[in-house]
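A short write-up of the structure that comes next.
Values quoted throughout were computed directly from the atomic coordinates according to the rules given, and no laboratory measurement underlies them. Since this is a predicted model, take the numbers as computed values, not measurements. FYI the Cβ positions are ideal-geometry reconstructions off the backbone, even for glycines, and counts take in every protein chain you see.
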């Protein structure tokens, strides 16, 4: 007994001292909530087993969007990790408000054959958006040839990719993983880093993982979204290439919203163009109808107007 | 494993020293070294750019940097060449940066814009040159400041821009001093910016020396002082794309002011412009010139004081809608004024050739009488509120 105490007492003493030191310098909420940036995607524990199998770990769920941004033909798989018990605040028009500690994950990959989209996947990069106490932080991870893990990159890199398209034609190109500083090229609202696709209208659809259930309804049922009205009252972005989801005009506006409106909106990085293609825009002049281009430079290619209705060949767009 | 930026800084520095020593004069690998340094740069640090020509394959993007200095060996010595840029078109961008100094380098042959400042605060550019060798492929903007506050451009140069050598758009508190712009469509353009001072600059051999333009967007263009500049022979053929607003401005104009408010132009040398030394216009008058515009904003509170004029408006060649209009109304001269604008104050030498155009419907009336505009000018600081 005496021997045990001889060893135990110093240990207990040290533990008590540590507790006192900790009590003297308590962690601030910001330190407590911060998600540390890791060197590899595997360090976050976002997936079970091989990352490339994309099986979400506990607390991570997959989501899909109605109309995706075109990213050099890449396939994309999207996930959200929420801290235990955390909630997402519903918003009918703006971005859904994710809690501090949330991580949005997006894999970029190319199936060898686009007719077999689940086989022989070549991963290029995985991007994370982490909701830190002070705002969103963007991190980019590049995959290497071993296709086991992805490593944090600040500078970006290029890598060759090849694929066979749905019509059987072979393609190849140099894929560019952008440097971190370029994230704000798109993820910017008046200088603040923000997510882009996390809106109710984008998530209002059946999910790849939940083909029989609307993604938002699933989140509502699991208590993650609590303040959402009935799903019939939630706005829905059409799927640009699915005529059953909207007429040509609304599907065109959906495509323009996602592919152009991220920057071309009153608070985006292209706001000086005064040419706004976000889904909320209703002013015909701001939508570019018979509007002269501003700050388009040579991109305007000597054409006079942003958009001329009914004349897809003559305006700049 | 925890991400430890300090170890990266150290490693990058060692790499930098090694490669810099090994490749001095060639600089072929400088891009990689510089990108690595940039990705870990911290407040208070200075990055140096060696002398010589350094080719860049990717644009330089700097986001969120605070209190850093990037120093080259001088605009004639440290040259970053973007002719072979592989993606995007812009050479260099600062976004959401503050208290940054960039000095002593040249940015050459960017496929699109040279140096863009977006959502920045307190940026100093000193001894920086943006240039294009070939104007058939040149980018639109040399230094392009957007939505930024507190921008100082001193001792810089821009040459060959297809829209403007220097431009401030939706900015506040901007100073251009002792800088030069040449062979560009517009030397310095101020578009929907407030509290701007252009002082001691040389604008020579552009299509338009300085343009102050209220573009049709919801942001004012006002409180601008143009003081003590040399604005000479800006008769370069306008080579902006046809779609560009600037294409309609033509060429041969020293200072063009469209729908700007509270502007003082004082103690400048303005000489040798084919069409006009200074042309004050408003969007409604542009519409009467056949220039398409949707803006109704008028120019107002204009002051022209103690400028030196020589040989302006002697050879209007009728290029662009503006030139055609002025030539057809015999309105070329030192100061051309669209008198639909309220408040115009002139205190110039009697030899100043003045034309006031009254563009009221239905006709256009011309007067060369300056007397009714003579007044006591306001102190500069009351006008620019800087």
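Extension gain for residue A:165 to residue A:241 (0.36 nm times residue separation, less C-alpha to C-alpha distance): 25.7 nm.
Footprinting exposure proxy ranking of B:285, B:266, fewest other C-beta atoms within 10 angstrom first, gives B:266, B:285. Across peptide B:58-64, the mean count of Cβ atoms from other chains lying within 10 Å of each residue's own Cβ comes to 6. Calculated from DSSP H runs of 4 or more alone, at -39500 (n - 2.57) each and per residue, what is the 222 nm mean residue ellipticity of the protein assembly as shown, nearest 500? Estimated from H runs of four or more residues: -4000 deg cm²/dmol. Here the label points at residue B:133 and residue A:119, each 7 Å from Cα along the C-beta direction, are separated by 5.1 nm in the simple model. Neighbour counting of Cβ atoms within 10 Å sorts the residues A:264, B:329, fewest neighbours leading, into B:329, A:264.
Note on chain A: with a GNM built from Cα contacts shorter than 10 Å, the maximum mean-square fluctuation among A:281, A:94, A:167 falls on A:167. The calculated FRET efficiency for the pair residue A:248 and residue A:206, based on their C-beta separation and a Förster distance of 30 Å, comes to about 0.85.
Computed from Cα atoms, the angle from the helix A:2-24 axis to the main principal axis of chain A rounds to 40 degrees.
Peptide packing for A:155-162, B:203-210 was compared via the average number of neighbouring C-beta atoms within 10 Å per residue; ordered from the highest value, the list is B:203-210, A:155-162. For A:173-186, what's the mean count of beta carbons from other chains sitting within 10 Å of each residue's beta carbon? The shielding value for this peptide is 5. Placing R0 at 30 angstrom, the Cβ-Cβ distance between residue A:311 and residue B:287 gives a FRET efficiency of 0.85 after rounding to 0.05. Between the helical axis of B:30-39 and the longest alpha-carbon principal axis of chain B there is an angle of about 90 degrees.
For the protein assembly as shown, DSSP calls about 30 percent of its internal beta bridges antiparallel. For peptide B:35-42, the mean count of partner chain Cβ atoms within 10 Å of a residue's Cβ comes to 3.
Centre-to-centre, using Cα atoms only, the stretch B:244-307 and the stretch B:133-193 are separated by 17 Å. Scoring B:346-355, B:127-136 by mean Cβ neighbours within 10 Å over their residues and listing the highest first yields B:127-136, B:346-355. When each of B:345, B:97, B:304 is scored by the number of other beta-carbon atoms lying within 10 Å, the sequence from fewest to most is B:345, B:97, B:304. In whole Å, how far is the Cα centre of the stretch B:84-125 from that of the stretch A:49-102? That distance is 33 Å. Between the beta carbons of residue A:94 and residue B:47, assuming R0 = 35 Å, the FRET efficiency works out to 0.40 to the nearest 0.05. What angle, in degrees between 0 and 90 and rounded to the nearest 10, separates the Cα long axis of helix B:5-23 from the longest principal axis of the Cα atoms of chain B? Taking the Cα atoms of chain B, the angle to B:5-23 is about 80 degrees. Using a simple spin-label model with pseudo-atoms 7 Å out from Cα toward Cβ, residue B:237 and residue A:190 lie 4.6 nm apart.
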